[in-house]
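K.L.:
Pasting a structure here, questions to come.
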Amino acid sequence: MLFLCNSKLKKTKALKMRTVEAFALSLLLLFLVKWANSDSKVSPIRDQFLSCMSTHSVSSFMNSKSLIHEPDSRLYTDLSQTVSQNYRFSSLNFSSEKPILIATPRTESEIQRSLLCSRKLGVQVRTKSGGHDYEGLSYLSSQSPFIVLDLVNLRSIDINLREETAWVGAGATIGELYYKIAKASKIHGFPAGTCPSVGVGGHFSGGGFGAMMRKHGLAADNVVDARFVDANGRIYNGRREMGEDLFWAIRGGGAASFGVVTSWKVKLVRVPEKVTCFTRYLPFTQNMTKIVHRWQSIAAALDNDLFIRVIIYNSGGSVQATFQANYLGGIDKLIPLMNEKFPELGLRFQDCSEMSWIDSIMYFNWKRGQPLETLLDREQRYNDLYFKAKSDFVKNPIPETGLEGIWKRFHEVESPMMIMEPLGGRMYEIGETETPFPHRIGNLYNIQYMVKWRVKDIEEMEKYVRWMRLLYGYMRVYVSGSPRGAYLNYRDLDLGMNKAINCSFEDASLWGMRYFGSNFKRLAMVKGKIDPTNFFRNEQSVPPLIV
């Protein structure tokens, strides 16, 4: 009887497999037909674009195949996939055409020409710095035709220790900036993120969290100048030419809505010659819940030199918490401070390590002990990894019962993660309207939710995205509201999308108020002045508001 059941089961499985394979084949055929039809439509536009660039260019831009990449080139594939965060999930997440071309300009005049030809031919533009946009909006589009303006060749970094500043090309990565600073000085640093392969263009223009933000604010808070190209191809030679409104907008409001920032001037910050880092792992116990609950009340009120974040994750079927910290000082001062303010964590001398600031960057990126040159590695290794992320801001400590509800949900999938990063300090000293990033005083910490999977399958994707949305729904009563805050650099299309080319301010406010609060109206007014025809647009771009 058991043999008969197994035989029937095998036949049923085989039938299902053939059905799935037939369905997959039909989808493939439909895709090929669609691709052939779409390619026949865009080929003339592609040819016209190339002709426009070569006819009017005053440089050798079009004479070098290394700077214009068509779909049949290997570099096109490499640039559009291997350097792009979460590329495959982004491709599955919404219907998107591929760019007709990828341009990798070396100068502002080449960017200028690319924009003018795109505008003349009605071709959309996506500007890409590092390719870490969580929803792929820097390299994908639901509007066709479009090109990708990849700024990878604009990554020069000039350090001026006398002024304590640096000019950074918009195509540089955070790691490249850190490396250059460390080679020039042992007492300077910059308050940006912990992932070295993130491009500065998107990171700075979206805000820029980092392990020194409680001491020095966001990356955007430390930008003092920039160079910019608008939709008409006009090049703005710095802050004075662009005006304070536009300069305000690109420092936290998402520069891709307004034009192309080609380089940023940042203010370097002083760091001590030695900093202290520690990592404490807590297993799933009632005590873990109590310690995380306690962290919520004290993390934003600690000494500004101390940053302690909490990472919650599922390890081997068990929920665990990791406390990871960066202290701008020595162990001798950190231990007494922790014993006074956070004794519940039970920090010991042997848990701590003193190191240079640049080594702390390696530490937070789980690369301690590796050569400093690993900071220069731009390549993303996400070829078999997909994820969905969301964000929140917390104003009041989540009760222990609320935390236990999160732990329960973390047992439902394989690779969930939640990163909780404290605000306070300098983040509270900067007003909510000084930059477009409004989540300042009154917010205890930020949450980044993430779930990962490895199977390239629509049903698998829907399973994990559904889980993420349910967790997000559960968290609603514990986080900020009216509106519920979100962080632009953790892009989330679930918040809302611009459905039409001329999306109204009212419709875009659905997602815009979540990222920018009351600053969204000012952003739209700046957009109305610098780009009234809405040339620079995407599924979550700021619409023009003309008053």
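The values are calculated or read from the model by the stated rules, or taken from the named source; none is laboratory data. All of these numbers come straight from a predicted model, not from anything done at the bench. Ideal geometry is used to build each Cβ from the backbone, glycine not excepted, and the neighbour counts take in all protein chains shown. To get the accessible areas, we keep the full protein, side chains included, count just its heavy atoms, and leave off ligands, DNA and RNA. Shrake-Rupley method; radii C 1.70, N 1.55, O 1.52, S 1.80 Å.
K.L.:
Given the conditions (1) crowded, with 17+ Cβ neighbours inside 10 Å; (2) more than 20 Å from the chain's Cα centre (by Cα); (3) among the basic types (Lys, Arg), which single one is not true for residue 378?
P.N.:
Among (1) crowded, with 17+ Cβ neighbours inside 10 Å; (2) more than 20 Å from the chain's Cα centre (by Cα); (3) among the basic types (Lys, Arg), the lone unmet condition for residue 378 is (2).
K.L.:
Quick one: which residue in 518, 504 is within 23 Å of residue 435 (Cβ to Cβ) and open to solvent by 10 Å² or more (accessible area, probe 1.4 Å)?
P.N.:
518
K.L.:
Would you tally the residues in the range 263-277 being open to solvent by less than 10 Å² (accessible area, probe 1.4 Å) and among the small types (Gly, Ala, Ser)?
P.N.:
0
K.L.:
Which is open to solvent by 40 Å² or more (accessible area, probe 1.4 Å) and under 21 Å from the mean Cα position of the chain (by Cα), of 466, 454?
P.N.:
454
K.L.:
Would you mind finding the one in 443, 498 that is assigned to a loop (DSSP other than H, G, I, E, B), touching a Pro at 6+ places or on another chain (Cβ under 8 Å), crowded, with 21+ Cβ neighbours inside 10 Å and not aliphatic (A, V, I, L, M)?
P.N.:
Unique residue meeting the criteria: 498.
K.L.:
So which of 238, 243, 233, 253 ends up being modelled with pLDDT of 95 or more and surrounded by 24 or more Cβ atoms within 10 Å (Cβ to Cβ)?
P.N.:
253
K.L.:
Test residue 396 against the stated conditions and say whether it is over 30 Å from residue 257 (Cβ atoms) and of a type outside the set (Lys, Arg).
P.N.:
Yes: the conditions hold for residue 396.
K.L.:
Of the residues in the range 382-412, how many are under 11 Å from residue 471 (Cβ atoms) and in a helix (DSSP H, G or I)?
P.N.:
Summing the residues that are under 11 Å from residue 471 (Cβ atoms) and in a helix (DSSP H, G or I) in the range 382-412 gives 5.
K.L.:
Now for a different question. Of all the residues that make up the range 340-354, how many are out of contact with any Ser or Thr (no Cβ under 6 Å at 6 or more places or on another chain), open to solvent by 70 Å² or more (accessible area, probe 1.4 Å) and not in a helix (DSSP H, G or I)?
P.N.:
1
K.L.:
Test residue 459 against the stated conditions and say whether it is outside any helix (DSSP H, G or I), charged (D, E, K, R) and open to solvent by 10 Å² or more (accessible area, probe 1.4 Å).
P.N.:
no
K.L.:
Can I ask one more? Out of (1) open to solvent by less than 20 Å² (accessible area, probe 1.4 Å); (2) touching a residue at least 60 places away in the same chain (Cβ under 8 Å); (3) of a type outside the set (A, V, I, L, M), the odd one out for residue 490 is which?
P.N.:
Every listed condition holds for residue 490 apart from (1).
K.L.:
Next up: So which of 134, 178 ends up being touching an Asp or Glu at 6+ places or on another chain (Cβ under 9 Å) and either modelled with pLDDT of 90 or more or outside any helix (DSSP H, G or I) (or both)?
P.N.:
After ruling out the rest, the residue left standing is 134.
K.L.:
Which residues, counting only those in the range 181-207, are in contact with an Asp or Glu (Cβ under 8 Å, 6 or more places away or on another chain) and among the small types (Gly, Ala, Ser)?
P.N.:
197, 202, listed by residue number.
K.L.:
Still on this structure, please answer the following. Among (1) touching a residue at least 40 places away in the same chain (Cβ under 8 Å); (2) crowded, with 18+ Cβ neighbours inside 10 Å, where does residue 400 come up short?
P.N.:
Of the numbered conditions (1) touching a residue at least 40 places away in the same chain (Cβ under 8 Å); (2) crowded, with 18+ Cβ neighbours inside 10 Å, the odd one out for residue 400 is (2).
K.L.:
Sticking with this one: Write out, first by first residue and then by second, each pair whose Cβ atoms fall under 8 Å of each other, whose residues are 6+ apart or on separate chains, and whose first residue, in the range 314-326, is closer than 11 Å to residue 407 by Cα and among the small types (Gly, Ala, Ser) while the second is open to solvent by 40 Å² or more (accessible area, probe 1.4 Å) and in a strand (DSSP E or B).
P.N.:
321/281
K.L.:
Which condition number does residue 538 fail, the rest of (1) outside the structural domain of residue 259 (by the TED database); (2) among the polar types (S, T, N, Q); (3) open to solvent by 50 Å² or more (accessible area, probe 1.4 Å) being met?
P.N.:
Going through the list (1) outside the structural domain of residue 259 (by the TED database); (2) among the polar types (S, T, N, Q); (3) open to solvent by 50 Å² or more (accessible area, probe 1.4 Å), residue 538 breaks only (3).
K.L.:
Counting only residues that are of a type outside the set (Phe, Trp, Tyr) and open to solvent by 10 Å² or more (accessible area, probe 1.4 Å), how many does the range 169-187 have?
P.N.:
Of the residues in that region, 8 qualify.
K.L.:
Select from the range 403-429 the residues that are of a type in the set (A, V, I, L, M) and open to solvent by less than 10 Å² (accessible area, probe 1.4 Å) and write down the one among them that is farthest from the chain's Cα centre (by Cα).
P.N.:
Among those residues, the one meeting the criterion is 403.
K.L.:
Moving to a separate point now. Somewhere in the range 435-446, is a residue of a type in the set (A, V, I, L, M, F, W, C), under 15 Å from residue 540 (Cβ atoms) and touching a Gly at 6+ places or on another chain (Cβ under 8 Å)?
P.N.:
The answer is no; no qualifying residue exists.
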